[in-house]
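Q: Quick one: this structure, given as structure tokens, is what I'll be asking you about.
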């Protein structure tokens with residue numbers, strides 16, 4: 001399979017649309033050997049700033065000398081930009097190879113009666129497999145949509161991050177900030193610290209979810225403060 005064929009195949013999967021849920025990605029990852037179990041992940045969600053926060057976290061880890069993977073979406077110029085290791089996008093030939101390896105599992109799933117995974121689910125699986133095969137030290141993983149049943153939410157991270165919460169994707173996530181916050185708080189895992197800059201009702205919802213999961217809540221500007229190293 002060439003890179004062009006791999007991209008054409010990935011784009012063909014958009015016909016399955018947005019189909020939230022974890023059963024398909026869990027099944028696919030199991031068939032791939034559960035690569036996410038071998039990764040140290042920082043999971044980043046929220047309404048605004050999650051992409052830039054993911055990039056900053058990856059940059060900090062890379063500067064500290066760690067081999068760092070980063071998965072974000074969508075891309076700007078090339079599909080390879082979604083899968084970075086130490087700031088470098090996946091090679092086109094490697095992406096094609098991984099799609100070639102993954103595709104038989106997708107075909108087998110459909111043959112066995114599973115729904116076909118969506119384009120984002122396949123991209124998520126590709127990212128997790130790539131980072132595991134490359135033996136990254138850490139991975140900065142950006143949520144695609146929402147949290148609770150986003151395909152990235154199969155991971156148990158070292159830290160969860162919820163940047164903030166406001167009204168977005170209301171057709172999928174809810175009609176109020178509180179409802180949307182509950183969906184985004186779905187990335188909080190038992191005993192895993194969560195960092196947030198959310199305020200108001202969103203913070204209350206996140207705090208309740210953190211307490212229910214016995215997770216330490218770190219509030220930016222309250223539990224953590226900062227100051228510039230120098231004045232420009």
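Q: Quick one: in segment 127-141, of everything that is in contact with a helix residue (DSSP H, G or I) (Cβ under 7 Å, 6 or more places away or on another chain) and surrounded by fewer than 24 Cβ atoms within 10 Å (Cβ to Cβ), which residue is nearest to residue 107 (Cα to Cα)?
A: The qualifying residue nearest to residue 107 (Cα to Cα) is 129.
Q: Exactly one condition in (1) under 16 Å from the mean Cα position of the chain (by Cα); (2) over 17 Å from residue 141 (Cβ atoms); (3) surrounded by fewer than 18 Cβ atoms within 10 Å (Cβ to Cβ) is false for residue 26; which is it?
A: All conditions are met except number (2).
Q: Right, another one. For segment 147-166, which residues satisfy the criterion of being within 12 Å of the chain's Cα centre (by Cα), surrounded by fewer than 24 Cβ atoms within 10 Å (Cβ to Cβ) and at pLDDT below 95?
A: If the condition is that a residue be within 12 Å of the chain's Cα centre (by Cα), surrounded by fewer than 24 Cβ atoms within 10 Å (Cβ to Cβ) and at pLDDT below 95, then 148, 149 are the ones that fit.
Q: Which of the residues that make up segment 35-75 are without any contact (Cβ under 8 Å) to a residue 24 or more places away in the chain and either out of contact with any helix residue (DSSP H, G or I) (no Cβ under 9 Å at 6 or more places or on another chain) or outside any loop (DSSP other than H, G, I, E, B) (or both)? Even if it seems obvious, please write down each step before you answer.
A: Applying the first criterion (without any contact (Cβ under 8 Å) to a residue 24 or more places away in the chain) to segment 35-75 yields 37, 52, 56, 60, 63-65, 74-75.
37, 52, 56, 60, 63, 64, 65 - these are the residues of segment 35-75 that are without any contact (Cβ under 8 Å) to a residue 24 or more places away in the chain and either out of contact with any helix residue (DSSP H, G or I) (no Cβ under 9 Å at 6 or more places or on another chain) or outside any loop (DSSP other than H, G, I, E, B) (or both).
Q: Let me ask something else about it. Residue 46: closer than 16 Å to residue 144 by Cβ and crowded, with 21+ Cβ neighbours inside 10 Å, yes or no? Can you show your working first?
A: Numbers: closer than 16 Å to residue 144 by Cβ: yes; crowded, with 21+ Cβ neighbours inside 10 Å: yes.
Answer is yes for this residue.
Q: A further question on this structure: Report yes if residue 87 is out of contact with any strand residue (DSSP E or B) (no Cβ under 7 Å at 6 or more places or on another chain), exposed (fewer than 14 other Cβ atoms within 10 Å of the Cβ), at positive phi and in contact (Cβ under 8 Å) with a residue 12 or more places away in the chain, otherwise no. Don't jump to the end; show me each part of the working.
A: Details: out of contact with any strand residue (DSSP E or B) (no Cβ under 7 Å at 6 or more places or on another chain): yes; exposed (fewer than 14 other Cβ atoms within 10 Å of the Cβ): yes; at positive phi: yes; in contact (Cβ under 8 Å) with a residue 12 or more places away in the chain: yes.
Yes; evaluated as a whole, the condition is true for this residue.
The values are calculated or read from the model by the stated rules, or taken from the named source; none is laboratory data. In this text, all values refer to a predicted model and were calculated from it rather than measured experimentally. All Cβ positions, glycine included, derive from the backbone under ideal geometry; neighbour counts span all protein chains shown.
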